[in-house]
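Shown next, in structure tokens, is the structure this report addresses.
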Amino acid sequence: MSLQGKTIVVTGTASGIGAEVARLARFQGARVIGVDRNEPSLTLDGFVKADLSSPATIDEAVARLPQHIDALCNIAGVPGTAPPDVVARVNYLGLRHLSTQLLERLPAGGAIVNVASILGAEWPQRLAAHKALAATAGFEAGAQWLAEHPVPADTCYQYFKEALIVWNAVQSQPWFLQRGVRMNCVAPGPVFTPILGDFVAMLGEERVQRDAHRMARPAYADEVASVITWLCSDAARWVSGVNLPVDGGLASTYL
Ligand SMILES: NC(=O)c1ccc[n+]([C@@H]2O[C@H](COP(=O)([O-])OP(=O)(O)OC[C@H]3O[C@@H](n4cnc5c(N)ncnc54)[C@H](O)[C@@H]3O)[C@@H](O)[C@H]2O)c1
């Protein structure tokens, strides 16, 4: 599989899965432009320092990104130990805004990959709400809808990963039909990255122990990165609108 000649924008390149995707995509021939609030510690072909939690700072970043982009990987994210407002802005509203702003720079055959989570698996329980949020016209309209439909603070991470999976499914249809741009999610289980400890704190010992017996181990970031770069490649040219678990089989044990 090759990403030779492709320009790929990767958010979250300063750490964890985003850093690993950047490294692997460059190895596979891509030109990688990173976006993060923190400086990256690996070699990139370009880097835009940006806080992805507000439309104004996202627009400033967009102005500094290339005019031609073959793929966008939305990987930056915060755990549920962050304030709920920040979780909403970074993990959902900002991700949506960045994708929408960059869409016109993606050619037919381009790809967007969003990182959801196994913790978004219960989206069917709140499908109507997630569809209503997905239908809001942009960042501010989404924030307004959320002000009118408050999300419980202790499960806000799960809520916005669910919302992302539903937005991905709904929005990928017109973007693929009208523009030939594919959009997909991956849903990792636990991954050995710096925020794994936050997830343990967020979920509590009981849930962590329950899951621990259902999987061999957490993933290494490269095991998630290889699926993300595959979704960016032409080998995945007929894959769109899916949410692909990358969890060592953990989600299947809950059936
Ligand atoms: N680690 C896991 O167990 C796990 C499991 C499922 C899903 N995920 C998801 O994977 C994605 C990557 O997480 P990770 O595990 O690599 O974590 P990480 O903390 O190692 O990396 C997250 C990156 O996002 C960046 N970021 C956070 N807020 C930002 C902001 N406002 N503006 C710009 N950049 C910002 C951070 O600086 C960091 O570089 C996240 O969306 C996370 O929800 C992680």
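A few comments on the model shown:
- Potential lengthening between Ala143 and Val208 on full extension [0.36 nm per residue; Cα-Cα distance subtracted]: 20.3 nm
- Proximity of backbone amide H atoms, modeled 1.01 Å from N, is registered between Thr7 and Arg31, Asp70, Ala71 at under 5 Å, excluding neighbours fewer than 5 places apart on the same chain.
- Summarised in one figure, the compactness ratio Rg/Rh of region 157-224, Cα atoms and Kirkwood Rh, is 1.10.
- Quarter of Cα convex hull surface for region 69-142, i.e. mean projection, nm²: 5.7 nm²
- Hull shadow area, averaged, the chain [alpha-carbon convex hull, nm²]: 12.5 nm²
- Rounded Å value of the spacing that divides the Cα centres of region 80-110 and region 1-74: 13 Å
- At full extension, Phe192 and Arg179 could sit 1.1 nm farther apart than now, given 0.36 nm per residue minus the alpha carbon distance.
- With contacts taken as Cα pairs under 8 Å and at least 6 residues apart, the chain reaches a relative contact order of 21 percent.
- Estimated inter-spin distance, Val86 and Gln125, nm [label 7 Å along Cα→Cβ]: 2.6 nm
- Förster radius 25 Å - calculated FRET efficiency between Tyr220 and Ala108, Cβ distance, rounded to 0.05: 0.15
- Within straight-line reach of Lys161, meaning a Cα separation under 18 Å, sit the following lysines at least 8 residues removed in sequence or on another chain: Lys131.
- Rough spin-label spacing in nm, given labels placed 7 Å along Cα→Cβ, for Val200 and Val239: 3.1 nm
- Cα-projected label distance for Asp154 with Thr57, points at 7 Å along beta-carbon direction, nm: 3.0 nm
- Where both bridge residues fall in the chain, DSSP classifies roughly 0% of the beta bridges as antiparallel.
- With 0.36 nm allotted per residue and the present C-alpha distance subtracted, the Ala135-Thr100 stretch has 11.3 nm of extension available.
- Over all pairs of different C-alpha atoms, region 124-253 has a mean inverse distance whose reciprocal, the Kirkwood radius, equals 16.6 Å.
- Calculated SAXS-style log₁₀ I(q)/I(0) at q = 0.15, 0.16, 0.17 Å⁻¹ - region 14-157, Debye, Cα scatterers: -0.81, -0.92, -1.03
Quick note: the coordinates plus some simple rules give every number you see, no bench work behind them. Note that the structure is a prediction, hence the values are computed from the model and not measured. Every residue, glycine as well, gets a Cβ built from its backbone with ideal geometry; the counts of neighbours run over all protein chains shown.
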